[in-house]
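J.: Take this structure, written in structure tokens, and hold onto it; I'll ask about it next.
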Amino acid sequence: MENSSFLSSKLSEKIADLDFEKEITWKNRIILHTFMWLSFAILLFLSYRLAYALTTFNSVILTLRMAVSNMTIFYLFFYVIAPKLFNQKLGIAMIILSLTLPLLTNIWLWITFGFSVLYHYLGYEIGFGELKGAITASAQQTFWGAVSVSRIISQTIIIISLLSPFFFVKILFEISKLYSKSLKISKQNSQLQIQNINIEKDFLKSQLNPHFLFNTLNNLYSLSLKKDDKMPDMILNLSYTMSYTLYESNAERLPLTKEIEFIKNYVELEKMRHGEEKSISIILPNENETKGKTIAPLLTFSLIENAFKYGLKNKENAFLNLKIEVKDHKFSFNLENDFLPKTELKNFGGIGLENLKKRLQLIYPEKHFLLVTKNKNTFNVQLDIEL
């Protein structure tokens, strides 16, 4: 199932990248059409030559008659009638189609009748076999006999059977052309959305980093006054965290191990800032569970940052619990924290949460689940991603 989805995705990308307007030039069109009708003529010639045992000359003149008749109908339909049908409502298009089909059949009959009259005038005739005397019989019938209702019905069936492969190829080509155009527009829109999201992400980083750096430097200053032993660890954590957010997070995907390490360092810095009196619990997967897996960077950063920003405010029960699990190829993120009852849900997340939703929709379409809930005095965020 995954292989089928992968192949389908790759095929869609190839079709989207194909520039029909650039590749199918008039020169290429002439080459393709020439090849198409030449193939048809060869097959028709072989049919007359082998199935009816006609001479080469007779096979050629009958092939010419049939090829010209079919080419005329084909180009009249696809280059004169069909463009008009696409601009009409369905009901009107069906009426036009029902009126033009008998007309096209009549044109086909007129052309074949004209060729028969011409061949008879020039003295061409089939002298043996199943088609013996066919040209004379066709040329000597009256014009209205050549285009009678019974002949129109019978020849319509023949025309459909003869032209159906060419109609199918043409329709398939037009569908592929429209599909390619649709995919290209969709791809351009997705790229534009990703570009906008990256701009928003960079904007968020430009806001978060100074804000976070300011608070952390204040903590470092306090620790330095106390000559606290935690200061070297805090500086090291700060260095790694800033390096990750400024440089490494610009990649589309990063090893999950690095993302988990970043989260760990960030939370440790926040724990130092809030002190041991606040209940902060963090459960992270080990390196064996994250090894070989990748994830889009900073997906959960705004969630964790908001939890520390709006949480840990309740004097009686201030807490923040973070649990991340990785099983098989599923990333499960659960974050719960207290909040003051007067805090409104709209204050939680802001542009960061909206940015996350957009990134998830584009990077992990139909492969993620995000739920943000607010209870009496608790916020809870559950995020599941199929990596």
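The values are calculated or read from the model by the stated rules, or taken from the named source; none is laboratory data. Since this is a predicted model, take the numbers as computed values, not measurements. All Cβ positions, glycine included, derive from the backbone under ideal geometry; neighbour counts span all protein chains shown. Areas reflect the complete protein model, heavy atoms only, side chains present, ligands, DNA and RNA absent. Shrake-Rupley method; radii C 1.70, N 1.55, O 1.52, S 1.80 Å.
J.: What is the gain in length, in nm to one decimal, between I81 and N334 on full extension, counting 0.36 nm per residue of separation less the C-alpha to C-alpha distance?
T.: 85.0 nm
J.: Quick check: pseudo-label points 7 Å beyond the Cα along Cα→Cβ at D233 and N380, how many nm apart are they?
T.: Placing both labels 7 Å along Cα→Cβ, they lie 3.1 nm apart.
J.: Then there is this: With all protein chains present and a 1.4 Å probe, how do K367, K258 order by accessible area, largest first?
T.: Ranked list, largest accessible area first: K367, K258.
J.: At a Förster distance of 25 Å, what's the computed FRET efficiency of F214 paired with S243, Cβ-Cβ distance as r, to 0.05?
T.: 0.90
J.: Round to the nearest 10 and report in Å² the accessible area of F214, as given by a 1.4 Å probe over the protein chains' heavy atoms.
T.: Counting only protein heavy atoms, the figure is 130 Å².
J.: For D328, D233, D228, D338, give the ranking by accessible area with the largest first, probe 1.4 Å.
T.: D328, D233, D228, D338
J.: What would the Debye formula give as log10 I(q)/I(0) at q = 0.18 Å⁻¹ for the alpha-carbon point model of segment 268-387, no solvent?
T.: -0.99
J.: In whole percent, and with a 1.4 Å probe on the protein chains, what portion of the accessible area of segment 43-87 is carbon and sulfur?
T.: The C+S portion of the solvent-accessible surface of segment 43-87 is 74 percent.
J.: Next question, about the same structure. Which value, in Å² and to the nearest 10, is the accessible area of W110 when all protein chains are kept and the probe is 1.4 Å?
T.: Accessible area, nearest 10 Å²: 110 Å².
J.: Calculate the spin-label point distance for Q141 paired with A51, positioning each point 7 Å from the Cα along the beta-carbon direction, and give it in nanometres.
T.: So the label points at A51 and Q141 sit 1.9 nm apart.
J.: What distance in nm separates the two pseudo spin-label positions at L90 and E277, each 7 Å out from Cα along the beta-carbon direction?
T.: Distance between label points: 7.1 nm.
J.: Let me ask another. What order do V80, V267 take when sorted by accessible area (1.4 Å probe), most exposed first?
T.: The ranking, largest first, comes out as V80, V267.
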